[in-house]
Structure formats: structure tokens, C-alpha cells
Amino acid sequence: MASSIRVRAVENGGVTSLKALVRHPMDSGFVKDSAGNVIPAHFIQLLTITHNGKDVFVANWGPAVSKDPFLECRFKGAKKGDKLTISWTDNKGESDSTTATIA
Amino acid sequence: MIDQRRRGFLKGVLGAGVASFALGSGIIPLRAEAANAPDTSGWPKKAFNTPGVDETIAELYGMDAAESDKISLDLPTIAQNGAVVPVTVETTLPNVTGIALLVEKNPNALAASFDITEGALPFVSNRLKMAETTDVVAVVISDGKAYKATKNVKVTVGGCGG
């Protein structure tokens, strides 16, 4: 199965800009389906970006983050060709991770 | 004589079989995957279940936030679709360790909180859901103190009612 995470990381002038798009329903637990049943909450709680074994960015997400969440962040200290690992875990214990190379 | 050799042969096959099963069945790769998944035990559950902006800031960071004009909070003035509202926060405040995004009129105000490590720049862009026309508050933790900026968004179609 293809990874649920799409990442683009670009280094420019010492600053790495990272854009990540995760495929996830992000159900808030407040929405009802067409039959009137509440769709149970199902959302990503934690997303981490790791570089050289160190967390550079940690996002704690709640159910108010949009479906198929998009995140952009910037950090220093990485070079072109370095590997980044992006991992997430949701409230049902599901998780996924992917590795990206900085361009 | 023949019998003994047969025993030895069988023992050898069985021993090798067990070892290769342990390697092939993925017991070791499974462990590596579990270690790789982020641990959600540190997730601020209580703060995510608190209504109200000031209460949530107090719950999350244990202090009140002061207004600051050094936080740039970029989001549309009118959002046609409340389910997807792009929000960008950037600040010139020094030594930022955390950024949080709160939506005042959502059932629970806290939408997301970010840990900014030493190497990361105090910048984040995220897309949020909001139920109705509301204030969006960005909280920045700088030098151990909390600062906030507020901006109003007009939402024409709510993103929480389905």
C-alpha cells in the first residue's frame, strides 16, 4: 500500500522547509452520517518529524484539524540529501511513517 | 546405527526450522515498527477537552497569555468552507518553544499544539475546521512566557455539522 504521507522537503539558505500531506479522515466525533448515527472520533493525535534521530518538530493534533491534514514547518541544521522521518499515530492506535530526502 | 543417524538428522532439521521461523515470521521487524510509531502518552488530553480559549491556555501551559503584536497570524477574513481553513503562524519573538492554535467557538477550543525544538523556526502552517464565524487565537510560548494574537474569520459554511 502506498504511504499515507506525502512529503516535500527543500533546503534553501540553511533553512529546510517541509510540507507534509497526510491522508486521514480526521473524524471529530461530532458529525452524524446520513442515517443519523454519530461517526466516532478518529483523528491523528501526534505527528513527529525526526532528523538524525532527533525530533525537530512535534505536532499534537486535535479533532479540529481538517481532513487530510496539511502541515508546513521550517527548521535549521539539515543539509541537502539528509533523511527525514515523518510518523503519525491516531487515537485508534494506527500509525504510519515515511522517510523523505531533503532536496 | 542407521536409526541413530536418522535421529541426528531430524534434530538438525528441526533446530534450523525453529530458528528460521523466528527470523522469517517478522517478530523482529514488528518490534522495530512499534518503536518507530510516536507515543501518544504525552498528548495533552485534558487541554483538548476544555472549552473556552483562556481556560485551554491555562490548562495547556499553566499560565495566561498576553496580547502581542509580534505574532503574525495569517488566515482568510472570509472562509467559504469552514472544513478547510488555512492558518499560518509566524513570530519574531525569541526562544520559541511552543505554538498552539485555538478556535474560540469550536466545541473544544484547542485545535493543535506544536512543540518547537531548538533547530525549528517559529513558523507553522496548518488547516483547521471551524463550526461558525469565530475568533482564531494563536498562542506562542517565548522565553517561558505565553503570548497570543487573535483574528476573526467569517465562515459561510460550517465545518463541524457535516
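The values are calculated or read from the model by the stated rules, or taken from the named source; none is laboratory data. Note that the structure is predicted; figures quoted are calculated from it, not measured. With ideal geometry, Cβ positions are generated from the backbone for all residues, glycine too; neighbour counts draw on all protein chains shown. Quick note on the areas: whole protein, heavy atoms, side chains included, nothing else; ligands and nucleic acids left out. Shrake-Rupley method; radii C 1.70, N 1.55, O 1.52, S 1.80 Å.
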(request) Kindly tabulate the residues in the range B:114-131 with an accessible-area decrease of at least 40 Å² between the chain alone and the assembly of all protein chains, using a probe of 1.4 Å. (result) B:PHE114, B:ASP115, B:THR117, B:GLY119, B:LEU121, B:PHE123, B:SER125, B:ASN126, B:ARG127, B:LYS129
(message) Just want to confirm a number: the relative contact order over the range B:45-155, from Cα pairs under 8 angstrom separated by 6+ residues, in percent.
(response) 33
(message) Skipping prolines and chain starts, which residues have an amide H placed within reach, meaning under 5 Å, of the one on B:SER72, given they are 5 or more residues away or on another chain?
(response) B:GLU90, B:THR91, B:THR92
(request) Arrange the residues B:GLU55, B:GLU90 by how much accessible surface each exposes, largest first, with a 1.4 angstrom probe. (result) B:GLU55, B:GLU90
(request) Express the accessible area of the range A:3-73 per residue in Å², computed with a 1.4 Å probe while the remaining protein chains stay in the model. (result) 43
(message) How large a share of the accessible area of chain A, in percent, is made up of carbon and sulfur atoms when the probe is 1.4 Å and the other protein chains stay in place?
(response) 49
(request) Enter the mean number of other protein chain beta carbons within 10 Å of the beta carbon of each residue in A:73-84, as an integer. (result) 3
(message) If the only charges are +1 at each Lys and Arg Cβ and -1 at each Asp and Glu Cβ, what is the size of the charge dipole of chain A around the Cα centre, to the nearest 20 debye?
(response) 420
(message) Suppose a student asked you for the relative contact order of chain A, using Cα pairs under 8 Å spaced at least 6 residues apart; what percent would you report?
(response) 33
(message) Probe of 1.4 angstrom, ligands and nucleic acids ignored: what's the accessible area per residue over the range B:38-87, in square angstrom?
(response) 57
(message) Checking an interface number: how much accessible area is buried between B and A, summed over both chains, with a 1.4 Å probe, in Å² rounded to 100?
(response) 2900
(request) Cross-chain or 8 or more residues apart, Cα under 20 Å: how many lysine pairs in the range B:45-155 fit that? Count them up, please. (result) 14
(request) Answer with one residue from B:ALA112, B:MET63, B:ILE78: the one whose Cα lies farthest towards the positive end of the charge dipole of the range B:45-155, charges on Cβ with Lys, Arg +1 and Asp, Glu -1. (result) B:ILE78
